[in-house]
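Have a look at the structure below before the remarks.
The values are calculated or read from the model by the stated rules, or taken from the named source; none is laboratory data. The shown structure was predicted, so the numbers you read here are calculated from the model rather than taken from an experiment. Please note: Cβ atoms are built from the backbone with ideal geometry, for glycine as well, and neighbour counts cover all protein chains shown.
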Amino acid sequence: MTKFAGRHLIGIAVLGLVLAGCDEVSKAVDQANNATSKAAACTEALGIANFDPNVNPEQLQAEAGEKAAKLRDLGNKVAEQDVQQTLFAMADSYVELEQRKTDQLGNVNDWLQRSLTNLEQLQKACL
C-alpha cells in the first residue's frame, strides 16, 4: 500500500468516525427538541387543569375526557419522571370523573380534593 493510499484510508476512517459522532449528536438534539421542557409542561398542565368554581359538574364531566387526553399526551412528551407521573395521575383523575354516572356528579368534592392534591404534587415536581 502506498503512503498516499494509507493516508487516504485513515482520512476515510476519521471522516466515518466524525460522521458517526454527528449522527449521535443529531439524534440527541432531535430527542431534546421533541421533549417538552419541565417549565413548559408545568405551565401547560396548569392551564389544562384550571378549576373554575362556577363550572357545573356536568360541564366539568363533559370536558374531562379532553383534559385527560391532553394531560396524558403532555406526560408522554416530558422527560422529567416526577412531572410525568403527576401528569398521568391528573389524567387518571379526569378519566375517573368522566366515567362517573350523572347521579354521582352532585358530590364532586372528593374528586376536587384529589385533584388539588395532584396539583400540589405538580407544583412540587415543577420547582
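Within the option set T36, T43, being at pLDDT below 80 and among the hydroxyl-bearing types (S, T, Y) holds for one residue only, T36. Only a single item in (1) of a type in the set (D, E); (2) more than 23 Å from S37 (Cα to Cα); (3) surrounded by fewer than 16 Cβ atoms within 10 Å (Cβ to Cβ) is not met by E98, and it is number (3).
Of all positions in the stretch 55-67, at least one carries a residue that is of a type in the set (K, R) and either touching a Cys at 6+ places or on another chain (Cβ under 9 Å) or modelled with pLDDT of 90 or more (or both).
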